[in-house]
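A quick write-up on the structure given underneath.
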Amino acid sequence: MANIIKEQQAILEKLNIHQLNPMQEEAIPAIERTKNTILLSPTGTGKTLAFLLPLINSLDIENKEVQALILVPSRELAIQIEQVVREMGSGYKVNAVYGGRPISKDKIELKHTPAILIGTPGRIQDHFRSERFPKEFIKTLVLDEFDKSLETGFEDEMKAIINQLPGINKRILTSATQSVRIPTFVGLDKPITINYLKNATSKLVVKRVVSPSKNKLNTLLDLQNHLGNQPGIIFCNLRESIQTVSNYLEKNGISHGCFNGGMEQKDRERSLIKFRNGTYQVIVATDLAARGIDIPELKYIAHYELPRTREEFTHRNGRTARVNAKGTAYVLVWEKEYLPDFVKDAAVEKLDKKAIRKPQFWQTLFISGGRKDKISKGDIAGLFLKEGNLNKDQLGVIELKQDCTFVAVPVSLANQLVEQLNNSRLKKKKVRIFVI
């Protein structure tokens with residue numbers, strides 16, 4: 001096993017975090033000394049780090065089995081937490097398992113048992129049924145975004161998993177809302193609650209954008225032209241609506257990606273990668289993108305279709321105005337549309353100004369090599385700067401994955417770089433490079 005790092009300060013330095021926020025400073029020691037903790041704090045306030053630091057501190061170096069299980073409601077959240085644990089560089093093995101990827105991949109990774117296992121309920125149940133690892137050594141159970149994973153419809157899966165964990169002596173539940181009853185099967189005996197929702201002072205501004213017709217596509221385009229190249233998310237209720245909006249944005253030259261539960265996991269991940277690196281200006285998404293995805297702070301989100309509940313409205317809005325930042329939620333409404341209470345008082349935004357829209361600058365290249373090939377970001381940068389003759393301003397975000405890498409380069413140079421660099425050698429591997 002690699003050198004184990006439990007020292008909080010050393011981990012924070014690896015993450016380039018200079019100071020914990022007040023919620024984390026209260027939550028970390030509380031979780032360490034308490035058997036059952038409920039952590040409530042707005043989206044983007046660092047709940048993941050708040051439970052991971054005490055979790056890592058509780059692990060036994062000598063134990064070679066799974067010691068901590070983190071259950072999450074979405075694949076994206078599983079991937080995101082796994083990435084944070086890896087970046088912490090503690091030396092403990094971590095794996096994320098989830099539906100939408102081959103179970104054969106899970107089997108290979110679980111042959112070398114992780115200390116921390118992250119997963120969606122359905123996939124965790126699959127592995128429990130197949131008895132791929134002992135369950136009695138799991139001492140810590142985390143239900144991240146428990147309001148989602150304990151919703152009606154998921155209870156049976158969650159109950160089946162938790163009832164197979166006889167050794168649990170610490171439970172940590174986190175959420176950005178407090179709207180769900182916690183079932184007795186979770187075993188939450190006399191929990192302490194750390195509640196930062198009541199202290200949250202949001203800098204969110206909600207504005208209505210009124211459409212003269214029931215079909216709001218023209219109004220959505222006017223809003224995009226009003227906002228210019230600012231990155232944002234356009235929320236829809238239905239996959240069919242996403243397709244309609246996507247077709248319209250494409251016809252009008254607005255670079256965008258889509259994100260919904262009907263997409264292949266690979267395509268969902270690539271949409272987020274291209275959004276993070278600037279290839280896409282916007283993401284058109286269902287409520288799946290309202291939580292648990294790894295994207296930067298946004299200046300705005302837009303509700304193309306009205307959310308069905310106040311909770312959905314809150315979660316969507318949580319993608320902007322996070323922590324201390326300002327943000328705007330635009331709600332597109334037909335002038336004769338019924339408005340729920342949580343939207344009624346929003347001021348109307350006039351779309352009379354148009355921002356200067358710059359053409360798409362970045363394009364994303366795929367490279368068929370990653371961490372398992374001992375390739376580093378430095379190796380990738382070296383290839384593009386030296387062999388591709390780029391200057392530093394022309395090399396965008398590099399995202400290194402286990403078996404591949406994604407690099408943002410200028411649109412104008414993308415095809416030329418593919419021609420120059422395809423089949424190059426990185427370390428000992430010949431890599432394919434192409435535009436995605």
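The values are calculated or read from the model by the stated rules, or taken from the named source; none is laboratory data. Computed from a predicted model, the values in this text were never measured in an experiment. Please note: Cβ atoms are built from the backbone with ideal geometry, for glycine as well, and neighbour counts cover all protein chains shown.
If we scan region 285-301, do we find a residue that is over 26 Å from T174 (Cα atoms) and either in contact with a helix residue (DSSP H, G or I) (Cβ under 9 Å, 6 or more places away or on another chain) or of a type outside the set (K, R) (or both)? Don't jump to the end; show me each part of the working.
Within region 285-301, the subset over 26 Å from T174 (Cα atoms) is none.
No, region 285-301 contains no residue that is over 26 Å from T174 (Cα atoms) and either in contact with a helix residue (DSSP H, G or I) (Cβ under 9 Å, 6 or more places away or on another chain) or of a type outside the set (K, R) (or both).
What tally of residues in region 244-303 results from selecting those that are of a type in the set (A, V, I, L, M, F, W, C) and in a helix (DSSP H, G or I)? Working first, answer last.
Filtering region 244-303 for residues of a type in the set (A, V, I, L, M, F, W, C) gives 245, 249, 254, 258-259, 263, 272-273, 275, 282-285, 288-290, 293, 295, 298, 301-302.
Now restrict to residues that are in a helix (DSSP H, G or I): 245, 249, 272-273, 275, 288-290.
Of the residues in region 244-303, 8 are of a type in the set (A, V, I, L, M, F, W, C) and in a helix (DSSP H, G or I).
Which one is surrounded by the fewest Cβ atoms within 10 Å (Cβ to Cβ) among residues in region 165-181 that are more than 21 Å from I138 (Cα to Cα) and β-branched (V, I, T)? Talk me through it step by step, then tell me what you get.
Initial filter on region 165-181 (more than 21 Å from I138 (Cα to Cα)): 175-181.
If we keep only those that are β-branched (V, I, T) too, we end up with 177, 180.
Numbers: T177: 19, V180: 16.
If we take residues in region 165-181 being more than 21 Å from I138 (Cα to Cα) and β-branched (V, I, T), then V180 is surrounded by the fewest Cβ atoms within 10 Å (Cβ to Cβ).
So, in region 107-122, exactly how many residues are charged (D, E, K, R) and closer than 13 Å to E82 by Cβ?
The number of residues fulfilling the criteria is 1.
Hey, among the residues in region 388-412 that are surrounded by fewer than 17 Cβ atoms within 10 Å (Cβ to Cβ) and hydrophobic (A, V, I, L, M, F, W, C), which one's nearest to R270 (Cα to Cα)?
V397
When only residues in region 30-73 that are more than 14 Å from Y92 (Cα to Cα), touching a Ser or Thr at 6+ places or on another chain (Cβ under 7 Å) and of a type outside the set (A, V, I, L, M) count, which is modelled with the highest pLDDT? Spell out the reasoning first.
Applying the first criterion (more than 14 Å from Y92 (Cα to Cα)) to region 30-73 yields 30-51, 70-73.
Then drop every residue that is not touching a Ser or Thr at 6+ places or on another chain (Cβ under 7 Å), which leaves 30-31, 38-40, 47, 51, 71-73.
With of a type outside the set (A, V, I, L, M) added as a condition, the list becomes 47, 51, 73.
Details: K47: 94, F51: 98, P73: 91.
This residue is F51.
Part of a strand (DSSP E or B) and either under 16 Å from the mean Cα position of the chain (by Cα) or of a type in the set (G, A, S) (or both) - does that describe any residue in region 36-57? Talk me through it step by step, then tell me what you get.
Going through region 36-57, the residues part of a strand (DSSP E or B) turn out to be 36-40.
From the residues that got through so far, the ones that are either under 16 Å from the mean Cα position of the chain (by Cα) or of a type in the set (G, A, S) (or both) too are none.
No; the residues of region 36-57 include none that is part of a strand (DSSP E or B) and either under 16 Å from the mean Cα position of the chain (by Cα) or of a type in the set (G, A, S) (or both).
Matching residues to (1) among the hydrophobic types (A, V, I, L, M, F, W, C); (2) touching a strand residue (DSSP E or B) at 6+ places or on another chain (Cβ under 7 Å); (3) touching a residue at least 40 places away in the same chain (Cβ under 8 Å):
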site: A176; (1), (2), (3): yes, no, yes
site: I194; (1), (2), (3): yes, yes, yes
site: K198; (1), (2), (3): no, no, no
site: L204; (1), (2), (3): yes, yes, yes
site: N215; (1), (2), (3): no, no, no
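Can you tell me which residue is surrounded by the fewest Cβ atoms within 10 Å (Cβ to Cβ) among those in region 138-153 that are of a type outside the set (D, E, K, R) and within 21 Å of I81 (Cα to Cα)? Walk me through how you get there before you give the answer.
Filtering region 138-153 down to residues of a type outside the set (D, E, K, R) leaves 138, 140-143, 146, 149-150, 152-153.
When the remaining residues are screened for being within 21 Å of I81 (Cα to Cα), the result is 138, 140-143, 146, 149-150.
Working: I138: 20, T140: 22, L141: 22, V142: 25, L143: 26, F146: 26, S149: 22, L150: 23.
Per the stated criteria, the residue is I138.
Out of the residues in region 330-370 that are among the β-branched types (V, I, T) and closer than 24 Å to A414 by Cβ, which is nearest to the chain's Cα centre (by Cα)? It would help to see each step written out before you state the result.
Narrowing region 330-370 to residues among the β-branched types (V, I, T): 331, 333, 343, 348, 356, 364, 367.
Filter again for closer than 24 Å to A414 by Cβ, leaving 356, 364, 367.
On the way: I356: 30, T364: 19, I367: 22 Å.
Result: T364.
Which residue pairs have Cβ atoms closer than 9 Å, lie 6 or more positions apart in sequence or on different chains, and pair a first residue in region 305-321 that is closer than 11 Å to T286 by Cα and in the same structural domain as I234 (by TED's automatic domain parsing) with a second residue that is aromatic (F, W, Y) and surrounded by fewer than 23 Cβ atoms within 10 Å (Cβ to Cβ)?
Listed pairs, sorted by first residue: P307/F313; P307/F342.
With E25, E82, E65, E76 as the choices, which residue is part of a loop (DSSP other than H, G, I, E, B) and either in the same structural domain as L110 (by TED's automatic domain parsing) or within 27 Å of L288 (Cα to Cα) (or both)? If you could, list the steps in order and put the result at the bottom.
Working: E25 fails: part of a loop (DSSP other than H, G, I, E, B); E82 fails: part of a loop (DSSP other than H, G, I, E, B); E76 fails: part of a loop (DSSP other than H, G, I, E, B).
E65 is the lone residue from the list that is part of a loop (DSSP other than H, G, I, E, B) and either in the same structural domain as L110 (by TED's automatic domain parsing) or within 27 Å of L288 (Cα to Cα) (or both).
Would you mind telling me which numbered condition in (1) under 27 Å from the mean Cα position of the chain (by Cα); (2) under 25 Å from I295 (Cβ atoms) D373 fails?
(2)
Only one of (1) within 30 Å of K429 (Cβ to Cβ); (2) surrounded by fewer than 22 Cβ atoms within 10 Å (Cβ to Cβ); (3) without any contact (Cβ under 8 Å) to a residue 60 or more places away in the chain; (4) not polar (S, T, N, Q) is not met by Y338, so which one is it?
(1)
On the basis of being small (G, A, S), assigned to a helix (DSSP H, G or I), over 16 Å from the mean Cα position of the chain (by Cα) and not assigned by TED's automatic domain parsing to the domain that holds K326, does S90 make the cut? Before the answer, list the steps.
On the way: small (G, A, S): yes; assigned to a helix (DSSP H, G or I): no; over 16 Å from the mean Cα position of the chain (by Cα): yes; not assigned by TED's automatic domain parsing to the domain that holds K326: yes.
It is false that S90 is small (G, A, S), assigned to a helix (DSSP H, G or I), over 16 Å from the mean Cα position of the chain (by Cα) and not assigned by TED's automatic domain parsing to the domain that holds K326.
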